[in-house]
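Everything below concerns the one structure shown next.
The values are calculated or read from the model by the stated rules, or taken from the named source; none is laboratory data. Quick caveat: nothing in here was measured; it's all calculated off a predicted structure. Glycine also receives a Cβ, built like all others from the backbone with ideal geometry; neighbour counts cover every protein chain displayed.
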Amino acid sequence: MAEYSTLAAVDLGSNSLHCQIARVVGDQIYPLDALREPVRLGAGLTREKLLDEASQERAVACLKRFGERLRGFDSRVVRALGTNTLRVAKNSAAFLKRAEAALGFPIEIVAGREEARLIYLGVAHSLPPSKEKRLVVDVGGGSTEFIIGANYRPHKLDSLYMGCVSYSLRFFSGGKVTKSAMKQAELAARTELQPIVAGFSRGNWQQAVGSSGTVRALADILQLNGFGDGRITPEGLERLRACLIKAGDTGKVELAGLRPDRVPVLPGGLAILSAVLSELDIGTMVAATGAMRQGVLYDMLGRFRHKDMRDVTVAQFMHRYHVDALQAQRVGALALTLYNKLAADGGNADESAPHYLAWAAKLHEIGISVAYSGYHKHSAYIINQADMPGFSRDEQTRLSLLVLAHRRSLKKVYDEIAAGVDWSMVLALRLAVLFCRRRADVALPPIRARTQGRRFRLALDLEWLRKNPLTVTALRDETREWDKTGFELNIKPLHEVEATDLIAA
């Protein structure tokens, strides 16, 4: 993969939208430019889990400005990610079309644990190297992520559905802050924390670190108002809590270091962080400068340096589900060869195809561990539903569909495949599995392949086909399967073998 000197990350958070541009020098990333707008996307989420028009308009306007800054960037060096609000919103797909048009680049939605992994990667690169285990807590607008790791490697990840925007709207409507409301917010957060307390409380780590705008804002406020020395402590948060309750309204709060855009979400963020320190028995927390967007930049750099986390995840899945590595290699190599021939003829090669075909070949049989019958469905389900570090939700969906379509009925999955996967990739994988059925290194004849719209043409050696009647039967079935979907798969000498069979009969 090519080297790039500049990378960019766009973070569509529930509170703020960020655009981070950085320069690559060796294995390090140095910031060049940063844009941030407090769009508060999460505030536009209705009770029906729909993004309202006003929040969409704010986000689209912001992304147009980001798009102007990113104009001229190669699409391979820009990665835009949506987080909790877009995970939850039922109309996120429609919004993403508008958002991508405004930004000029694709936008992926990442799962909570993948968001946590990227946060840890960004935080770890902003801190001195240490062999100590660190707890990283990121209080976002709609969710809060928890990670325990050492150096640059996370060991435990989780994400909870609570954030400074959602909690401020839920418990402090109109900016009103009362003792009762604060107590209810903290109790709700403590209840949400219960499932992870045992694994993330003191004793599992040596240092507690906070990231995100909420944590950094609280750390600054505590220090500038004499409530602490730059670190976040339960005592400091209690003094700030008393200050907010005394004011009774966020609009009347006068605190050094409190930015106007942070005012509406301050009480929700304070309640969540107070509950976190209490439940996880954190005496002191330091604020880090790193965040998810920096993690995205380092993750992209790793992909360019052949240290793609997605490859690591696929390898782990192969080990977990006892995949036949040699068979996966055979299928993957043949699938890519066939796809390259089809794409070269069609003139529309997908740059991501080599990755997806390799991953699909390695994972298409993981469902056998559940049951052989319908194993392609089991494989697809696992890929679609599992936590797969490095993969966005869109990438998992696409890979899942490709694996689902690698055998049996195409008609049943036609609509899903048509919306997300290149048909040439589907054909290449299906044929590769078919030709590698013997699960051994077999010399195949030269295979010519071409595509013309919805027509696929293959040519194989006639004598080889006559010596392999099982393959002939499978290819005959394959042509019928494609015919059911409105495609035409023509295998040039196949009809001659069929004619010979009829004469012999």
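Here ARG23 fits the description: free of Cβ contacts under 8 Å to residues at least 60 places away in the same chain and part of a strand (DSSP E or B). Going through (1) assigned to a helix (DSSP H, G or I); (2) in contact with a strand residue (DSSP E or B) (Cβ under 7 Å, 6 or more places away or on another chain); (3) not small (Gly, Ala, Ser) one by one, VAL286 falls short only on (1).
Does the range 73-91 contain at least one residue that is over 21 Å from the mean Cα position of the chain (by Cα) and either on the phi > 0 side of the Ramachandran plot or not assigned by TED's automatic domain parsing to the domain that holds ILE196 (or both)? Checked the range 73-91: at least one residue is over 21 Å from the mean Cα position of the chain (by Cα) and either on the phi > 0 side of the Ramachandran plot or not assigned by TED's automatic domain parsing to the domain that holds ILE196 (or both).
If you filter the range 468-493 down to residues that are in contact (Cβ under 8 Å) with a residue 40 or more places away in the chain and part of a helix (DSSP H, G or I), you find that the one that is surrounded by the fewest Cβ atoms within 10 Å (Cβ to Cβ) is LYS484.
Conditions (1) in a loop (DSSP other than H, G, I, E, B); (2) surrounded by 17 or more Cβ atoms within 10 Å (Cβ to Cβ), marked per residue:
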{"site": "VAL10", "(1), (2)": "no, yes"}
{"site": "CYS19", "(1), (2)": "no, yes"}
{"site": "GLY42", "(1), (2)": "no, yes"}
{"site": "GLU57", "(1), (2)": "no, no"}
{"site": "ARG69", "(1), (2)": "no, no"}
{"site": "GLY72", "(1), (2)": "yes, no"}
{"site": "ARG76", "(1), (2)": "no, no"}
{"site": "THR85", "(1), (2)": "no, yes"}
{"site": "ALA93", "(1), (2)": "no, no"}
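If you check ALA344, ALA349, ALA360 for being in contact (Cβ under 8 Å) with a residue 24 or more places away in the chain and of a type outside the set (Ser, Thr, Tyr), only one passes: ALA360.
Comparison of TYR321, TYR339 shows that the only residue that is under 18 Å from GLY390 (Cβ atoms), touching a residue at least 40 places away in the same chain (Cβ under 8 Å) and of a type in the set (Phe, Trp, Tyr) is TYR321. Take the conditions (1) basic (Lys, Arg); (2) surrounded by fewer than 17 Cβ atoms within 10 Å (Cβ to Cβ); (3) more than 15 Å from SER14 (Cβ to Cβ); ARG170 misses just one of them, which is (3). So, of the residues in the range 44-55 that are without any contact (Cβ under 8 Å) to a residue 12 or more places away in the chain and charged (D, E, K, R), which turns out to be surrounded by the most Cβ atoms within 10 Å (Cβ to Cβ)? Here the answer is ASP52. Only a single criterion out of (1) farther than 27 Å from ASP422 by Cα; (2) modelled with pLDDT of 95 or more; (3) acidic (Asp, Glu) is not satisfied by GLU478, namely (1). Among the residues of the range 254-267, those that are in contact (Cβ under 8 Å) with a residue 40 or more places away in the chain and surrounded by 14 or more Cβ atoms within 10 Å (Cβ to Cβ) comprise GLY257, LEU258, ASP261, ARG262, VAL263, PRO264, VAL265, LEU266, PRO267. Within the range 143-197, the set of residues being under 14 Å from VAL265 (Cβ atoms) and among the polar types (S, T, N, Q) comprises SER143, THR144, SER166, SER168, SER173. Consider GLY230 carefully, then state whether it is modelled with pLDDT under 95 and either among the β-branched types (Val, Ile, Thr) or touching a strand residue (DSSP E or B) at 6+ places or on another chain (Cβ under 9 Å) (or both). It is true that GLY230 is modelled with pLDDT under 95 and either among the β-branched types (Val, Ile, Thr) or touching a strand residue (DSSP E or B) at 6+ places or on another chain (Cβ under 9 Å) (or both). When the range 399-431 is filtered for residues that are under 19 Å from the mean Cα position of the chain (by Cα) and crowded, with 20+ Cβ neighbours inside 10 Å, the ones remaining, listed by number, are LEU399, SER400, LEU401, LEU402, VAL403, VAL421. Listed by first and then second residue, the pairs with beta-carbon distance under 7 Å, at least 6 apart or on different chains, first residue in the range 146-171 and in a strand (DSSP E or B), second among the hydroxyl-bearing types (Ser, Thr, Tyr), are ILE147/TYR120; GLY149/TYR120; PRO154/TYR120; SER159/SER143; LEU160/SER143; LEU160/THR144. Among the candidates GLU351, GLU395, GLU365, the residue that is more than 16 Å from the chain's Cα centre (by Cα) and over 17 Å from ARG437 (Cα atoms) is uniquely GLU351.
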